[in-house]
Amino acid sequence: MKKMIAGLGLLLCLSLGSRAQKTYVLKGEISQPSSSYLYLSYWDKAGQRQVDSSKIENNKFVFKGKLQEPILAILYSDPNIERTANPDLLRFYLEPASMTAKLITGKFADAEIKGSKTQDEWRLLNQKEKVVRNEMVDLDREYAEKSKKLRDADRALKEMEAKVAKLTEEQSDFKQNFEPFKKRLNQINLDFIVNNPDSYVSSHLMLYMMSRIDLNEVERLYAGLSDRVKKSADGMEVSNHIREVKSGSPGSKAHEFRATDIDGKSLALADYRGKYVLLDFWASWCVPCRKSNPHLISIYNKYKDKGFEIIGVADDDNNEKAWRKAVDQDKIMIWRHVLNGMKVNDGQYDRSRAIANNYGVSSLPTKVLVDPNGMIVGRYSSGSEKDDDLDNKLVEIFGQ
């Protein structure tokens with residue numbers, strides 16, 4: 001038994017010895033050194049980066065250390081320029097042995113390394129590869145030129161995208177200059193509808209005004225129309241709009257929907273029972289929508305741990321790429337996103353499965369707040385209530 005234990009101990013020692021670290025010594029000379037030190041670095045078997053330095057004295061240097069096995073190392077003169085293109089950088093195999101190196105400043109790649117069997121093997125491999133690589137010089141040069149053109153084009157594209165984004169925002173802001181005139185035109189149209197309840201023009205005007213006046217005003221105007229105008233095509237559309245807006249307004253049960261989110265996962269409003277959910281109807285091309293995202297991020301981070309969620313519903317069915325890009329750029333992936341669901345077939349719009357249609361959304365951005373029981377308790381549309389109204393509602397629900 002003692003002999004068996006002793007034998008096992010010997011085997012264990014031999015095994016540990018085979019993995020033990022051994023000393024390496026790298027002595028060298030360097031002509032016309034450009035600095036006072038040389039640096040040696042490599043990644044050990046544990047994945048740790050090791051760095052050593054040696055002072056150059058009388059054009060000579062020495063590195064000493066321990067290794068378990070040969071390893072690819074880097075020898076360089078400037079600690080801030082450790083890259084392949086640096087002429088004073090050498091990649092070579094360092095191994096537990098006595099090695100020598102002769103370096104020429106500016107030509108480290110031509111160094112003469114002796115004492116490393118692995119380095120000798122690598123040098124022979126490089127010599128064979130060099131024959132083929134020399135034949136690739138023209139291709140490498142042409143590829144580099146094409147790569148530069150691609151980088152230049154990509155940079156120009158990004159600059160153009162930034163310019164387009166800036167101009168788009170400026171254009172959106174400039175629209176405010178039209179507001180005084182829009183109000184005057186709006187009043188003219190309102191006066192016409194009130195004074196001409198039996199005119200088909202009145203119901204037509206209402207179609208284009210519904211997104212600019214609140215629901216109570218729309219209902220009041222519609223109630224004043226004659227029966228024949230109410231039954232006209234435009235009158236019926238106004239009636240449908242009133243019904244849709246009511247279905248998406250406080251006091252109504254939120255329309256249940258199921259869709260595939262931006263990650264390809266199924267999402268259903270019913271999954272959020274027990275939480276307050278803000279449905280954010282927006283689009284990548286809607287500047288006011290994009291401008292409101294920092295505020296949404298703020299309130300989401302403030303209330304998410306109190307039972308508050310956001311679902312983004314984007315009117316980007318025809319440009320999914322722009323939708324994904326906007327979500328990424330605005331950093332709003334922290335909540336879930338779906339497309340509205342409108343389809344275009346042969347130039348015809350199919351809104352039968354459009355989520356926004358069931359909430360009477362006719363302008364963007366529009367936000368609808370749904371309570372834990374699936375009832376709508378808030379509606380915040382552009383042109384009516386502002387961020388303050390939503391903030392006040394959330395404070396009412398969750399506290400400060």
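The values are calculated or read from the model by the stated rules, or taken from the named source; none is laboratory data. Nothing here was measured: the structure is a model prediction, and the numbers come from that model. Backbone-built Cβ (ideal geometry, glycine too); neighbour counts: all protein chains shown. In case anyone asks, the SASA skips ligands and DNA or RNA and just uses the protein heavy atoms, side chains included. Shrake-Rupley method; radii C 1.70, N 1.55, O 1.52, S 1.80 Å.
Within the shell defined by Cβ-Cβ distances under 15 Å, the residues around residue 225 carry a net charge of -3, with Lys and Arg each +1 and Asp and Glu each -1.
Where Lys and Arg each count +1 and Asp and Glu each count -1, what net charge lies around residue 263 among other residues with Cβ under 12 Å from its Cβ? Local net charge: +2.
Over the residues of the chain, the helix contribution to mean residue ellipticity at 222 nm works out to -14000 deg cm²/dmol, using -39500 (n - 2.57) for each DSSP H run of at least 4. Rounded to the nearest 5, the antiparallel percentage of DSSP beta bridges internal to the chain is 70%. Could you list the residues of the range 287-304 with an amide nitrogen less than 15 Å from a label point located 7 Å from the Cα of residue 165 in the Cα-to-C-beta direction? Flagged as within label range: 287-294.
For the range 86-145, the carbon plus sulfur part of the accessible surface works out to 54%, probe radius 1.4 Å. Annotation: peptides 124-136, 107-119, 37-49, ranked by per-residue average of other Cβ atoms within 10 Å with the highest first, follow the order 107-119, 37-49, 124-136. With all protein chains kept in place, the per residue accessible area of the range 119-195 amounts to 90 square angstrom at a probe of 1.4 angstrom.
Relative to the Cα centre, the charge distribution of the range 149-299, modelled as +1 at Lys and Arg Cβ and -1 at Asp and Glu Cβ, gives a dipole magnitude of about 200 debye. Step through the table entries 246/325; 55/107; 230/367; 102/130, compare each Cα-Cα distance with 31 Å, and write down the pairs that go over it. In this structure, 246/325 lie more than 31 Å apart at Cα. Which residues does the label zone of residue 91 cover in the range 125-169, counting backbone N under 13 Å from a point 7 Å along Cα→Cβ? Flagged as within label range: 126. Each Cα pair under 8 Å and six or more residues apart adds its separation to the average, and for the chain the resulting relative contact order is 11 percent.
Computed about its Cα centre, the charge dipole of the chain is approximately 1680 debye, with only Lys, Arg, Asp and Glu carrying charge at their Cβ.
In the range 118-277, Cα pairs under 8 Å separated by at least six residues give a relative contact order of 12 percent. Each Lys and Arg adds +1 at its Cβ and each Asp and Glu adds -1 at its Cβ; summed about the Cα centre, the range 210-281 shows a dipole of about 260 debye. Protein heavy-atom surface of the range 283-350, 1.4 angstrom probe: 49% of the accessible area is carbon and sulfur, with nucleic acids and ligands not counted. Placing dummy labels 7 Å off each Cα toward the beta-carbon, the span from residue 178 to residue 240 is 2.6 nm. Label-to-label distance for residue 78 and residue 187 is 7.1 nm, based on points extended 7 Å past Cα in the beta-carbon direction.
Multiply the residue separation of residue 253 and residue 60 by 0.36 nm, subtract the distance between their alpha-carbon atoms, and state the gained length in nm to one decimal. Mind showing how you got there, number by number?
Values: separation 193, 0.36 × 193 = 69.48 nm, distance 8.43 nm.
Stretched fully, the residue 253-residue 60 segment lengthens by 61.1 nm.
Between residue 29 and residue 389, the simple spin-label model (points 7 angstrom out along Cα→Cβ) gives 8.7 nm.
Once you sort the root eigenvalues of the Cα gyration tensor of the range 108-232 as a ≥ b ≥ c, which label holds: rounded (a/c under 1.5), prolate (a/b larger than b/c) or oblate (the other case)? Taking the square roots of the gyration eigenvalues as a ≥ b ≥ c, the range 108-232 is prolate.
Between the entries (1) 35, 22, 21; (2) 77, 29, 15; (3) 73, 29, 19, the label attached to semi-axes √(5λ) of the Cα gyration tensor in Å calculated for this structure is (3). Based on protein heavy atoms only, the range 257-386 ends up with 48 Å² per residue of surface accessible to a 1.4 Å probe. Which one of 122, 364, 297 has its Cα pushed farthest toward the positive end of the charge dipole of the chain, where Lys and Arg give +1 and Asp and Glu give -1 at the Cβ? Of the candidates, 122 comes out farthest on the positive side.
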